[in-house]
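Chemist: My questions all concern the structure below.
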Amino acid sequence: MALIPLGSSPDTAETLVAPSDVGCSDGRQRLYEDLADQIDALLAGAADSTANLANAAAAIYHALPALNWAGFYLLRGLVLGPFQGKPACVRIPVGMGVCGIAAMQRQSILVPDVHAFPGHIACDPASRSELVVPLIRDGTVIGVLDLDSPVVARFDAQDQAGCEALAAVIVRHLGSVPPA
Ligand code: SME
């Protein structure tokens, strides 16, 4: 199994990673555990929610293979938050698009093929699959973590579980007020 090394350019991910070759199960679990620890340490010293979301987006984008976008949409609305990748839609109504449906349903959504998902909002035409995980604090959705990939079926249940763990770590570092 070939994992793209940490720090490699995500822009080249499409040519380096096949849909079935984004990492073996044990390797990916270790990758997510290490990334959770890194983000926890990275965000621990900062009290600013925007700075913490920005560093979390950068850490995720550069650690996970085969991404072309990683970032946050924050309630109210949903409004674009810190991200890495190409410029994106600024506002997404709750209940619309993958992000808005995940926020409304308070559940993660795995989209193996964005072209087959009714209502998918295409910010970057290179995106072919997507994973959206709600950020939930004290029982309230405060935003979503959104990952896009140029590879069809890039994300599976293991990625969902890993990203839900990352979201829990990130939420702990967002302070007591909504970050939006
Ligand atoms: N595809 C998302 C929109 C956000 S971009 O992917 C960054 C959606 O359907 O909600």
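Chemist: Give me the strands (runs of 3 or more DSSP E) completely within the range 63-170, filtered to those with at least 2 residues that are open to solvent by 50 Å² or more (accessible area, probe 1.4 Å), ordered by residue number.
Modeler: Values: elements: 69-74, 79-85, 109-111, 129-137, 140-149.
Result: 79-85.
Chemist: Go through the range 87-116 and give me each residue that's small (Gly, Ala, Ser) and within 12 Å of the ligand (Cβ to nearest atom).
Modeler: Step one: of the range 87-116, the residues small (Gly, Ala, Ser) are 88, 95, 97, 100, 102-103, 108, 116.
Once the filter is applied, which keeps residues that are small (Gly, Ala, Ser) and within 12 Å of the ligand (Cβ to nearest atom), the range 87-116 yields Ala88, Gly95, Gly97, Gly100, Ala102, Ala103.
Chemist: Follow-up. Among residues belonging to the range 120-130 that are out of contact with any Ser or Thr (no Cβ under 7 Å at 6 or more places or on another chain) and more than 7 Å from the ligand (Cβ to nearest atom), point out the one that is nearest to Val151 (Cα to Cα).
Modeler: Among those residues, the one meeting the criterion is Ala126.
Chemist: Given the conditions (1) more than 23 Å from Arg76 (Cβ to Cβ); (2) open to solvent by 10 Å² or more (accessible area, probe 1.4 Å); (3) among the small types (Gly, Ala, Ser), which single one is not true for Gly175?
Modeler: (1)
The values are calculated or read from the model by the stated rules, or taken from the named source; none is laboratory data. Keep in mind it's a predicted model, so treat the numbers as computed, not measured. Positions of Cβ are backbone-derived with ideal geometry, glycine not excepted, and every protein chain shown enters the neighbour counts. The area values use the complete protein model at the heavy-atom level, side chains included, leaving out ligands, DNA and RNA. Shrake-Rupley method; radii C 1.70, N 1.55, O 1.52, S 1.80 Å.
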